[in-house]
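Here's the structure, in structure tokens; my notes come after.
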Amino acid sequence: MKVVVTGGGGFLGSHLCEALLRRGDTVWCLDNFCTGEPQNVAHLRSDPRFRLVRGDVTTPFDIPGRVQAVAHLASPASPPDYHRLPLETLSVGSRGTENALRLARRHGARFVLTSTSEVYGDPETHPQPEDYWGNVNPVGPRSVYDEAKRYAEALAMAYRRSLGVDVGIVRIFNTYGPRMRPYDGRVVSTFLRQALAGEALTVFGDGSQTRSFCYVDDLVRGITAMIDHRGLGGPVNLGNPAEHTVRELADLVLRITGSRSRIETRPLPVDDPTRRRPVIVRAREQLGWIPLIPVEEGLRRTAAWFTARSRPLPEPEPHHAVRDPLTSPPDPVEARTS
Ligand code: NAD
Ligand code: UDP
């Protein structure tokens, strides 16, 4: 298959590109690197079945030749990233998703949207099945991400219902693993970086809020299963139902790294969801998918990667300024193919 992976230079996208190449697919990775890093896919550049296109999916684009699948991952995903890039996040969720859908339609390709557990907001139903509609604050600071993804889901379903595009939606719960940026602000990367550097672990609020953490290899297996399951629309939750409080996660990270760091509390961010755990019956029954890596093992692997990468620990990397999608003219995709 020839698969286009938007956001393929990011954390999840780079693992997906790798998994697709490993099984023999041809991969076109499209990324503007507003939150991803070229280094994530540098080891794939020598593979003749891999093409990297530097470009913004909010600008209409096409890919030469026949495309069989489009995996649409492009979007800032970490809260500090989408707070820093609010308009870009809304734009990639709306215009970017529509451009990716148009590409899939032109090529008669399977389209997989990577949505998020954030569509459930601060859930009143626990754990969260796919038929729960969510509890999202439409004007809060997280809304730029949550509502962009909710719109992206609505748009994808409209393309499926009215235009017959073979759309499938996965809702991803917190996923972690190698290639997370140490300074991306997400809880696993932050705690690991802090623990390995001997700095205090910053627990927001009293740490009683919960998340369910899925290791990246498990998650990528779920996305490829969704790409392959033509006709299946979903949405399908992908996540590890093992639920932990943030405080438990901090203790686990300290134990696994052998760190003597202290734990400090910080104010809880506005609208921080109190609990989150996926119901994965659909994924199990319709995709034959379950997560296999326990969180202790996944954290050990991630800690090993952070340790190998952190000699010395990199400073926050400056991300190049992002084109303002509302004011900048489009640039042609050919000029950006590398
Ligand atoms: P990431 O920030 O590492 O990757 C996103 C990638 O998209 C980056 O490489 C970024 O440069 C690229 N991108 C953003 N806007 C773009 C644009 N306009 N044009 C081209 N490329 C663009 O984040 P991630 O964790 O790898 O997330 C990937 C996808 O999975 C996102 O859509 C995210 O919403 C979804 N998701 C991730 C998680 C998780 O826990 N990691 C959970 C739920 C959903
Ligand atoms: N969190 C924390 N300390 C940090 C970063 C995050 O306590 O340094 C908390 C955050 O408030 C949230 C949880 O960890 O309750 C997960 O945060 P993350 O940003 O990783 O994911 P999301 O909130 O999008 O699920």
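The values are calculated or read from the model by the stated rules, or taken from the named source; none is laboratory data. These numbers come from a predicted model, not from an experiment. As a convention, Cβ positions derive from the backbone with ideal geometry for all residues, glycine included, and neighbour counts pool all protein chains shown.
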Item to complete: Determine if the range 159-169 includes at least one residue that is basic (Lys, Arg) and within 14 Å of ligand 2 (Cβ to nearest atom).
Response: no
Item to complete: Report yes if GLU243 is of a type in the set (Asp, Glu) and either away from ligand 1 (no atom under 16 Å from the Cβ) or modelled with pLDDT under 95 (or both), otherwise no.
Response: no
Practice prompt. Among the residues of the range 59-95, count how many are crowded, with 18+ Cβ neighbours inside 10 Å, acidic (Asp, Glu) and more than 13 Å from ligand 2 (Cβ to nearest atom).
Written response: 1
Practice prompt. For the range 121-131, state whether one or more residues are surrounded by 20 or more Cβ atoms within 10 Å (Cβ to Cβ), at positive phi and within 15 Å of ligand 1 (Cβ to nearest atom).
Written response: yes
Practice prompt. Would you mention how many residues in the range 15-48 are closer than 19 Å to THR97 by Cα and out of contact with any Cys (no Cβ under 6 Å at 6 or more places or on another chain)?
Written response: 9
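Taking the residues in the range 214-233 that are of a type in the set (Gly, Ala, Ser) and surrounded by 17 or more Cβ atoms within 10 Å (Cβ to Cβ) as candidates, determine which candidate is nearest to ligand 2 (Cβ to nearest atom). Outline the logic, then answer.
Going through the range 214-233, the residues of a type in the set (Gly, Ala, Ser) turn out to be 222, 225, 231, 233.
Checking which are surrounded by 17 or more Cβ atoms within 10 Å (Cβ to Cβ) leaves us with 222, 225.
Working: GLY222: 18, ALA225: 23 Å.
Out of the qualifying residues, it is GLY222.
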Item to complete: Could you check, for the range 152-164, whether at least one of its residues is in contact with a Lys or Arg (Cβ under 8 Å, 6 or more places away or on another chain), touching a residue at least 12 places away in the same chain (Cβ under 8 Å), of a type outside the set (Gly, Ala, Ser) and over 25 Å from ARG186 (Cβ atoms)?
Response: yes
Practice prompt. Kindly check whether there is at least one residue in the range 185-206 that is farther than 16 Å from GLY298 by Cα and among the β-branched types (Val, Ile, Thr).
Written response: yes
